[in-house]
Amino acid sequence: MIKIIPYSDKYKEKVISLILNIWEKEFDYKGVARPDIYNIPGFYQNDKDSNFWLALSDNELIGTIGLIKKSDNSAFLKRMAIKKEFRKQGLGEKLLQTVIQFADEHDIKTIYVGTVPENTEALKFYKSHGFKENNFVPEGIVVSDNPICLKLNL
């Protein structure tokens, strides 16, 4: 059974390992500063309108997702990461629904997400869930020299 819970430092090393394995080993996307993954509470849990969640299966960390409020009514979806063997089984949708429900409860009207062109599966996933490509790239969402920014209006 999969459960989704808010982040706690008990999982800090596992979160860092999961995210780095995906970006550095799967996508060979190395040499990028990722200060947020070393301080989840400071980046994602420092106000009531932002948070970070973990997906667990039998207490094993299998996925993550974060939401950072950036203005009165917008936020950035960050660090959606799913362990390879758990992809394409509905977990991404569960994580995204957790974020959307949280956003609704906190009067967030727009969610932005950034990714890289090489991450075609993420692009396909976000677009299939209503995200549209956005020419405007909000400050703070840049993930590469050639980011793709998508936007979901709630």
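Of all the residues in the stretch 88-100, those that are touching a residue at least 40 places away in the same chain (Cβ under 8 Å) and more than 23 Å from P147 (Cβ to Cβ) number 3. Would you mind stating whether S57 is more than 21 Å from D104 (Cβ to Cβ) and among the small types (G, A, S)? Judged against the criteria, S57 is a match.
For every residue, the table says whether it meets (1) acidic (D, E); (2) at pLDDT 90 or above; (3) in contact with a helix residue (DSSP H, G or I) (Cβ under 8 Å, 6 or more places away or on another chain).
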site	(1), (2), (3)
W23	no, no, no
Y29	no, no, yes
F43	no, yes, yes
N46	no, yes, no
S50	no, yes, yes
W53	no, yes, yes
E60	yes, yes, no
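The set of residues in the stretch 76-93 that are over 24 Å from K25 (Cβ atoms) and modelled with pLDDT of 95 or more contains only E93. If we scan the stretch 58-68, do we find a residue that is more than 15 Å from the chain's Cα centre (by Cα) and surrounded by 12 or more Cβ atoms within 10 Å (Cβ to Cβ)? No. For the stretch 73-120, filtered to residues that are closer than 20 Å to I37 by Cα and of a type in the set (S, T, N, Q), the residue that is surrounded by the most Cβ atoms within 10 Å (Cβ to Cβ) is T115. In the stretch 39-56 there is no residue that is touching a residue at least 24 places away in the same chain (Cβ under 8 Å) and under 22 Å from E118 (Cβ atoms). Applying the set (1) of a type in the set (V, I, T); (2) more than 19 Å from C149 (Cβ to Cβ); (3) part of a helix (DSSP H, G or I) to T64 leaves exactly one unmet item: (3). Restricting attention to the stretch 111-147, the residues being at pLDDT 85 or above and over 16 Å from N51 (Cα atoms) number 15.
For the structure I just gave you, tell me whether E85 is without any contact (Cβ under 8 Å) to a residue 24 or more places away in the chain, under 17 Å from N21 (Cα atoms) and over 13 Å from the mean Cα position of the chain (by Cα). Taking the combined requirement at face value, the residue satisfies it.
Is it the case, given these coordinates, that T98 is among the hydroxyl-bearing types (S, T, Y) and modelled with pLDDT under 95? Considered against the rule, which asks whether it is among the hydroxyl-bearing types (S, T, Y) and modelled with pLDDT under 95, T98 comes out as no.
The values are calculated or read from the model by the stated rules, or taken from the named source; none is laboratory data. Source: prediction; values computed, not measured. All Cβ positions, glycine included, derive from the backbone under ideal geometry; neighbour counts span all protein chains shown.
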